[in-house]
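Working notes for the structure below.
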Amino acid sequence: MKIAVTYKDGEIYEHFGHCETFAIYDYEQADVNRVTKVLVDCSDRHGHQAMADLMRQQGVDAVICGNMGAEARALLLTYGIIPVAG
């Protein structure tokens, strides 16, 4: 399972579409004791479609962020990616 988190200065960043870095946590076989973290620079991408495409390319299963609009949610769900905002 891969979970992407909007990331800035070691904390969850507020907005999905304006994020410049994602921390992607890869839980091997859903085992919380076997996780790797990779930072993915996305400063060259802008907008919901570009971010959703990046999540699909990275094989992400879920995205966690502080805030996400309806368009971004719909794009992620179209790709089978679970959006979690709050």
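The values are calculated or read from the model by the stated rules, or taken from the named source; none is laboratory data. Since the model is a prediction, treat every value here as computed from it, not as a measurement. FYI the Cβ positions are ideal-geometry reconstructions off the backbone, even for glycines, and counts take in every protein chain you see. What goes into the accessible areas is simple: the full protein's heavy atoms, side chains included, and nothing from ligands, DNA or RNA. Shrake-Rupley method; radii C 1.70, N 1.55, O 1.52, S 1.80 Å.
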Quiz prompt | Separation of alpha-carbon centers, region 49-86 and region 1-24, rounded to whole Å | solution = 11
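Rounded to the nearest 500 deg cm²/dmol, what is the calculated helix-only ellipticity per residue at 222 nm for the chain, with -39500 (n - 2.57) per DSSP H run of length n ≥ 4?
Values: 2 runs with 19 residues, N = 86.
Estimated from H runs of four or more residues: -6500 deg cm²/dmol.
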Self-check item: Accessible surface of residue 82 - all protein chains present, 1.4 Å probe, nearest 10 Å²
Solution: 100
Quiz item: What full-extension length gain, to one decimal in nm, is calculated for residue 39 and residue 20 as 0.36 nm per residue of separation minus the Cα-Cα distance?
Solution: 5.8 nm
Practice problem: Order the following by accessible area, largest value first: 6, 36. Probe radius 1.4 Å; ligands, DNA and RNA are ignored. | Solution: 36, 6
Quiz prompt | Fluctuation leader among 44, 61, 26 - the chain, Gaussian network, Cα springs under 10 angstrom | solution = 44
Quiz item: Which value, in Å², gives the accessible area per residue of the chain when a 1.4 Å probe is used on the protein heavy atoms?
Solution: 59
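Considering only protein heavy atoms and a probe of 1.4 Å, how much of the accessible area of the chain is carbon and sulfur, as a whole percent? It would help to have the intermediate numbers written out before the result.
Working: 2470 of 5060 Å².
Carbon plus sulfur share of accessible area: 49 percent.
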Quiz prompt | Heavy-atom accessible area ranking, 1.4 Å probe, most first, across 32, 84 | solution = 32, 84
Quiz item: What longest range of the chain stays clear of loop-exposed trypsin sites (Lys or Arg not before Pro) (DSSP non-H/G/I/E/B, at most 16 other C-beta within 10 angstrom)?
Solution: 46-86
Practice problem: Enter the accessible area of residue 68 (Å², nearest 10), with the probe set to 1.4 Å and all protein chains included. | Solution: 10
Practice problem: Using a cut-off of 15 Å between beta-carbons, work out the net charge of the residues near residue 50 (Lys and Arg +1, Asp and Glu -1, residue 50 not included). | Solution: -3
Practice problem: Please report, in debye to the nearest 20, how large the charge dipole of the chain is about its Cα centre when each Lys and Arg carries +1 at its beta carbon and each Asp and Glu carries -1 there. | Solution: 160
Practice problem: Report, to the nearest 10°, how far helix 48-57 tilts away from the longest principal axis of the Cα atoms in the chain, using its own Cα long axis and a range of 0 to 90°. | Solution: 20
